[in-house]
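The values are calculated or read from the model by the stated rules, or taken from the named source; none is laboratory data. Worth saying up front: this structure is predicted, and the values here are computed from it rather than measured. A quick note on method: Cβ atoms are made from the backbone with ideal geometry, for glycine too, and the neighbour counts reach across all protein chains shown. In case anyone asks, the SASA skips ligands and DNA or RNA and just uses the protein heavy atoms, side chains included. Shrake-Rupley method; radii C 1.70, N 1.55, O 1.52, S 1.80 Å.
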Amino acid sequence: MFRSLSPGAIGIRASLTEGLELAKAANFQGLDVSIGAMATLVEEKSADYVKGLFDDAGLKMGAWGLPVNWRGDEAEFKNSLEGLHRLAKVGQTLGCTRLSTWILPFSEDKPLKENFDFHVERFRPIGEILSEYDCQLGLEFIGPKTMRVGKKYEFVYTMEGMLELCDKIGTGNMGLLLDAWHWYTSHGTLDDLKKLTADQVVYVHINDAPKGVPVDEQIDNVRRLPGETGVIDLVGFLKCLDEIGYEGPVTPEPFSDKIKGVPPLEAAQMTAKGLLEVWEAAGLS
């Protein structure tokens with residue numbers, strides 16, 4: 001696995017070139033990408049040109065976001081699904097085949113079974129298209145109890161529940177976007193992680209949590225930089241991922257006030273520093 005920067009996840013707007021420069025300067029090992037921007041470059045230049053940009057920077061390609069409006073109405077969904085072939089093919093050509101999306105842990109209009117069936121119905125054709133291009137999709141469960149309080153119907157919010165959904169979709173290329181924050185807030189354990197296989201984890205987010213806040217009172221967008229507080233056992237988290245053979249990107253998503261309004265390079269370096277400290281403490285290189 002490798003330390004990957006997603007500029008957007010730390011509040012930075014950056015072109016591909018700017019992102020590569022930031023990731024390299026901040027000592028990351030990879031860069032998460034916009035598949036649309038990559039596709040445009042491939043079509044205007046070539047796949048070799050894009051690969052060369054990463055090679056020159058000494059960086060790996062990370063993950064990309066699912067470019068399908070699967071939450072929309074049927075017409076919106078089918079319309080956006082049509083473009084997935086083109087983008088997944090670009091991902092396959094570049095060897096950048098990990099992508100992700102997140103799933104709300106509640107619904108105001110669909111009871112659990114109806115919502116489960118809805119997600120299977122939407123993600124099965126997505127998975128079938130992606131499988132044609134050897135792409136894997138990571139589905140992110142959202143753990144905090146505060147996200148579900150007062151909502152009409154609860155939905156999947158644990159690792160086990162999301163894996164059940166992946167199995168039901170049945171395309172063989174669905175797995176987890178495993179976020180340390182959501183693992184922690186859903187009361188996940190290291191033993192839970194040790195039961196995973198590498199192919200069940202598509203993509204990883206890493207972050208820490210504020211001190212002095214009970215786990216069931218944590219607020220989703222109030223987090224900390226990796227290793228900042230030690231509330232989340234990130235060393236154990238990373239060791240488990242290493243033990244199961246996960247080889248993909250590990251991307252910080254801290255939602256931290258410390259890096260808001262900070263110059264891009266400084267924000268990237270602050271984020272990278274915390275990640276590197278827990279990385280090395282876990283015995284990773």
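On the basis of the beta-carbon distance and an R0 of 35 Å, ASP73 and SER15 show a calculated FRET efficiency of 0.60.
In straight Cα distance, which lysines are under 30 Å from LYS45, not counting same-chain residues fewer than 8 positions off? Answer for LYS45, where 30 Å is the Cα cut-off: LYS24, LYS60, LYS78, LYS89, listed by chain and number. FRET efficiency for the pair THR189 and GLU277, taken as 1/(1 + (r/R0)^6) with r the Cβ-Cβ distance and R0 = 25 Å, rounds to 0.60. A 1.4 Å probe run over the protein chains yields, for the range 1-151, 46 Å² of accessible area per residue, whole-number rounding.
Build a GNM of the chain with springs between Cα atoms under 10 Å apart, and of SER15, SER34, SER256 the one that fluctuates most is SER15. Surface composition of the range 95-222: carbon plus sulfur atoms hold 50% of the accessible area, using a 1.4 angstrom probe and ignoring ligands, DNA and RNA. Averaging Cα coordinates gives a centre for the range 42-92 and one for the range 160-180; these two points are 21 Å apart. For the range 141-285, a simple Cβ point-charge model (Lys and Arg +1, Asp and Glu -1, everything else neutral) yields a dipole of about 440 debye relative to the Cα centre. The overall shape of the range 41-151 is prolate: from the C-alpha gyration tensor, with semi-axes ordered a ≥ b ≥ c, the ratio a/c is 1.5 or greater and a/b exceeds b/c. Label-to-label distance, ASP167 versus ALA37, with points set 7 angstrom from Cα along the beta-carbon direction: 3.9 nm. For LEU163, the shell of other residues with beta-carbons less than 12 Å away shows a net charge of -3, using +1 for Lys and Arg and -1 for Asp and Glu.
Tell me, what is the percent relative contact order of the range 187-285, built from C-alpha pairs under 8 Å that lie six or more residues apart? RCO, the range 187-285: 34 percent. Here LYS152 is the anchor, and the lysines within straight C-alpha reach of less than 16 Å, apart from those fewer than 8 places off in the same chain, are LYS110, LYS113. Give me the net charge of GLY175's neighbourhood, meaning all other residues with Cβ under 12 Å from the Cβ of GLY175; Lys, Arg count +1, Asp, Glu -1. Value of the local net charge: -2.
Each Lys and Arg adds +1 at its Cβ and each Asp and Glu adds -1 at its Cβ; summed about the Cα centre, the range 1-80 shows a dipole of about 280 debye. 3J(HN,Hα) along the range 167-178: 5, 5, 4, x, 8, x, 10, 9, x, 9, 8, 8 Hz, from the Karplus curve 6.51 cos²θ - 1.76 cosθ + 1.60 with θ = phi - 60°, whole Hz, x for Gly and Pro.
Extending 7 Å from the Cα toward the beta-carbon at both TYR153 and GLU114 defines two label points whose distance is 0.5 nm. Highest mobility in the GNM of the chain, judged by mean-square fluctuation with C-alpha springs under 10 Å and restricted to ILE169, ILE206, ILE103, is found for ILE103. Of the options [x] 27, 26, 17; [y] 44, 23, 16; [z] 41, 38, 20, only one is semi-axes √(5λ) of the Cα gyration tensor in Å as computed from these coordinates, and that is [x].
As a length-normalised measure over Cα pairs under 8 Å and 6 or more apart, the relative contact order of the chain settles at 20 percent. Neighbours of PRO125, meaning other residues whose beta-carbon lies under 13 angstrom from its beta-carbon, give a summed charge of -2 when Lys and Arg score +1 and Asp and Glu score -1.
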